[in-house]
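One structure below.
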Amino acid sequence: MEAHPETIVEEVDLIQDPPPLMQPEWIAGAFNKGELSEAQRKALEPSDRYIAQLEWADVILIGAPMYNYGMPAALKAWFDQIARINKTFSFDLSRGDEPIAPILKGKQLVLMTSSGEFDFQEGGSREARNHLTPHVRACAHYLGVDLEVDFHHVGIEYQEFKDERHEASKKRAFEALPGIVKHLYEQSGVQV
Ligand SMILES: Cc1cc2nc3c(=O)[nH]c(=O)nc-3n(C[C@H](O)[C@H](O)[C@H](O)COP(=O)(O)O)c2cc1C
């Protein structure tokens, strides 16, 4: 950031300013092909705002603690706001068993997680309880992210143990960051 003052950061604090839960007016509005009612327009306002931010962004950085083995409710509410037909995805049964296609393209996603317990990674003893990273990955296409190349995850574990394993986990996470940042700038065509 200091080396690249041209970088613009827009922060969305989902805890201070949580997205509303999806209501029937939201769903009716999202599928309404005609004129929206006033209630539908109002219900979709946060979604319009979040999607405009997404369209503008090159990189999306999500910082999320694990709560009850999944994403915090505010983050799920945000995903519910941005997953919207004909805005972030299209739906066409002529595509056969994969009717959903993303509309946004070329975004980078960095997911930074924190958990009290540990071993949630693929093959880990708590893999089956991890509904945080897999859920974000499952929704990444709504953000315009190609999981193969544009998804980066850094996780800090053992927070509840507060022992040397937690310190080692933090160290590994911090060590991974410069490589990710370099990759992000290179993808944006910036020399680093
Ligand atoms: C309400 C609540 C639920 C939590 N659920 C889990 C959980 O299911 N699994 C886990 O490993 N840690 C869980 N934790 C621990 C947090 O993930 C951990 O403390 C994390 O570091 C919190 O992030 P923060 O320091 O950014 O708030 C939970 C913490 C809270 C407060």
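Any read-out appearing in this document is the output of simple, stated calculations on the displayed coordinates, not a laboratory observation. It should be emphasised that the depicted structure is a prediction, and the values quoted were computed from it without experimental measurement. So basically every Cβ, Gly included, is an ideal-geometry build from the backbone, and we count neighbours across all protein chains shown.
Some points to look at:
- Glu122 passes every criterion in (1) assigned to a helix (DSSP H, G or I); (2) free of Cβ contacts under 8 Å to residues at least 60 places away in the same chain apart from (1).
- The one condition in (1) away from the ligand (no atom under 14 Å from the Cβ); (2) closer than 30 Å to Glu157 by Cα that Thr88 fails to fulfil: (2)
- Selection count where residues are within 17 Å of the chain's Cα centre (by Cα), farther than 17 Å from Ser47 by Cβ and of a type outside the set (A, V, I, L, M), scope region 83-114: 6
- Qualifying positions in region 141-150 - of a type outside the set (Val, Ile, Thr), in contact with a Lys or Arg (Cβ under 9 Å, 6 or more places away or on another chain), surrounded by 14 or more Cβ atoms within 10 Å (Cβ to Cβ) and outside any loop (DSSP other than H, G, I, E, B): Tyr142, Leu143, Asp150
- Of the helices (runs of 4 or more DSSP H) lying entirely inside region 7-105, those containing at least 1 residues that are surrounded by fewer than 15 Cβ atoms within 10 Å (Cβ to Cβ) and out of contact with any Pro (no Cβ under 9 Å at 6 or more places or on another chain) span 24-31, 38-56.
- Qualifying residue in region 6-27 (condition: aliphatic (A, V, I, L, M), under 15 Å from the mean Cα position of the chain (by Cα) and more than 16 Å from the ligand (Cβ to nearest atom)): no
- Qualifying residue in region 49-65 (condition: within 16 Å of the ligand (Cβ to nearest atom), touching a Leu at 6+ places or on another chain (Cβ under 9 Å) and more than 17 Å from Ala140 (Cβ to Cβ)): yes
- The number of residues in region 151-184 that are assigned to a helix (DSSP H, G or I), among the hydrophobic types (A, V, I, L, M, F, W, C) and away from the ligand (no atom under 14 Å from the Cβ) comes to 7.
- Filtered residue count, region 109-132, keeping only those that are within 10 Å of the ligand (Cβ to nearest atom) and surrounded by 15 or more Cβ atoms within 10 Å (Cβ to Cβ): 11
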